[in-house]
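Participant: Here it is: the structure, laid out below.
The values are calculated or read from the model by the stated rules, or taken from the named source; none is laboratory data. Remember, predicted model here, so these are calculated numbers, not experimental data. Reconstructed Cβ throughout: ideal geometry from the backbone, glycine too, with neighbour counts over all protein chains shown. Accessible surface areas use protein heavy atoms only, side chains included; no ligands, DNA or RNA. Shrake-Rupley method; radii C 1.70, N 1.55, O 1.52, S 1.80 Å.
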Amino acid sequence: QVQLVESVGGLVQAGGSLRLSCAASGRMSSFNAMGWYRQAPGKRRELVARINSGGSTNYVDSVKGRFTISRDNAKNQVYLQMNSLKPEDTAVYYCWALIIFNNVWGQGTQVTVSS
């Protein structure tokens, strides 16, 4: 069974940067897609960034130009580099993988951006 384990998030000031990583068990190269979702208090979980098996990426409009998703199949890791962080980026961030038709989730990690 595939497992996803996120790195610890943290507290950062507005304008700062943070990089999240996600370690996957299993062969990442066989995953259809991976990505990061986030959920803020009282809000629905939203897709932040996605990287497909062919390497194409998608971002929610609110993070375009600030966040970058990447993957290293050799290390079984996917990353989310977050720059120019804003207080509205505060949320629990979840690593996600799509394997055939199955969604796999990490346990989530808190990111808090102070103003």
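Participant: Evaluate the range 14-23: report whether one residue or more is open to solvent by 60 Å² or more (accessible area, probe 1.4 Å), within 28 Å of Q1 (Cα to Cα) and touching a residue at least 60 places away in the same chain (Cβ under 8 Å).
Facilitator: Checked the range 14-23: at least one residue is open to solvent by 60 Å² or more (accessible area, probe 1.4 Å), within 28 Å of Q1 (Cα to Cα) and touching a residue at least 60 places away in the same chain (Cβ under 8 Å).
Participant: Would you mind finding the one in A24, A74, A49 that is more than 17 Å from T90 (Cβ to Cβ), among the aliphatic types (A, V, I, L, M) and touching a Leu at 6+ places or on another chain (Cβ under 7 Å)? Working first, answer last.
Facilitator: Details: A74 fails: touching a Leu at 6+ places or on another chain (Cβ under 7 Å); A49 fails: more than 17 Å from T90 (Cβ to Cβ).
After applying the criteria, what remains is A24.
Participant: Within the range 24-41, can you find the residues that are modelled with pLDDT of 95 or more, farther than 19 Å from V2 by Cβ and open to solvent by 20 Å² or more (accessible area, probe 1.4 Å)?
Facilitator: Q39, A40 - these are the residues of the range 24-41 that are modelled with pLDDT of 95 or more, farther than 19 Å from V2 by Cβ and open to solvent by 20 Å² or more (accessible area, probe 1.4 Å).
Participant: Quick one: which residue in N58, N52, N83, N76 is more than 17 Å from V2 (Cα to Cα), surrounded by 13 or more Cβ atoms within 10 Å (Cβ to Cβ) and at pLDDT below 95?
Facilitator: Numbers: N58 fails: at pLDDT below 95; N83 fails: at pLDDT below 95; N76 fails: more than 17 Å from V2 (Cα to Cα).
Criteria check complete, one pass: N52.
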